[in-house]
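Single-structure report; data block below.
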Amino acid sequence: MLLNNRVFFAETGILIQAAFLIATVVLLPETVLAVPLFNASIPGIETVNASPDPVFLSNRTERVDKDGANNVIGQATHEGIAAASYGQVRGSSNADYLNVHPHFPIFFGAMTGAQEDSAFILDDLVITGPPGNILVSFNYTVSGTIEASIVATGNSPYTAGAQVEALISYQSSFGGAGNVSIGQMSVDTANVSRSGIFSTFPVKSAATATGTSPENLTFAGDTALQFGLRLVTSAGAGVGFGAEPGRANGYASFTNAFGFPPSGPVANLPAGYTLNSVSGHIVNNQFVAPDPAGDYNNDGTVDAADYVVWRKTDGTQAGYNFWRANFGQPAGSGAGAGAIVAVPEPTTLVLILLGTSAFFSRRASLSHKLMRPRHSP
């Protein structure tokens, strides 16, 4: 479960570090429930914990800064996305500050920051095989982009930074750990720090990295585990007193998921052992990505037709967010996987739906004509 998030700010006013804490619940093998839990949080905006269904949260906040004469001097924007689905978690933090004043007049400067936190926890992961203790490690993939940039001329007291960390938790009757970092990465405009799964991750370029849990775990055969994945991103941007016009931006976008590998084994096991999880969509040690959330007509693709079903049968903002996040995803791609597809704007959707209605009206009219009985001459 997610218990605490803390954000630390340097004197420059930029988000530079985040501390994370995970606590696990002891799982007894005889109490396997096969119910996954999904957590997502955009601190200060919205938090969902222990949901039995996948969670998708998004937020964009803008702030306009003005001087004493009510003139606009700058604009701060921060955005966050936190999503947890079967076997995958996704997150994005974006912080941007645009200064339009020729000599930024706020003595202490101005800043903005963003953070998100998402987790997926399952309690029915079962290793089966011959009796005895074995060594186990897990495989993961993470895809995204991280960067910090400043565009300014002349006097440039700007700051920008971003950070991402991927963590796992596990618990069984043999023990476990509640906070295992498998990698983190932080960037500002002058420095880059990397570890674990992010050891070779580039800056300012979309990339995918693969990794293995940093330690081998000892379990007995036919052991049920509780297992969790967690992703935390943060970003910050700020401007100092006297700055000439410019922009600072921190960006950590990992909406293409941190989770089980789309191919190959989920766990590295000795011969004669396998791994399964109903709630984790793991079959014979392979992750089988579920159909994307938002496929409301169950045809295997999230498209405009699902928007129609959503309006008629759901109508909730959460349901719309799932549809929007996965628009264009085919069956088996999983949430957030695959190429980015442009989501139709509401006006476009109306035109699509009107076109669909017209098409079916023409078909109905044609069908009526075809079915009309002939009259004898």
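Quick notes on this structure:
- For G328, nonlocal amide neighbours, meaning residues 5 or more places apart or on other chains whose placed amide H falls under 5 Å from its own, are V302, D303.
- Integer Hz, Karplus 6.51/-1.76/1.60 couplings in order for the range 54-69, x for Gly and Pro: x, 10, 9, 10, 8, 7, 9, 10, 10, 10, 9, 9, 10, 8, x, 8
- HN-Hα J in Hz across the range 141-149 - Karplus 6.51, -1.76, 1.60, θ = phi - 60°, x for Gly and Pro: 10, 9, 10, x, 9, 9, 6, 9, 9
Readers should treat all values here as calculations from the given coordinates under stated rules, not as data from a laboratory. What you are looking at is a predicted structure, and each value in this text was computed from that prediction instead of being measured.
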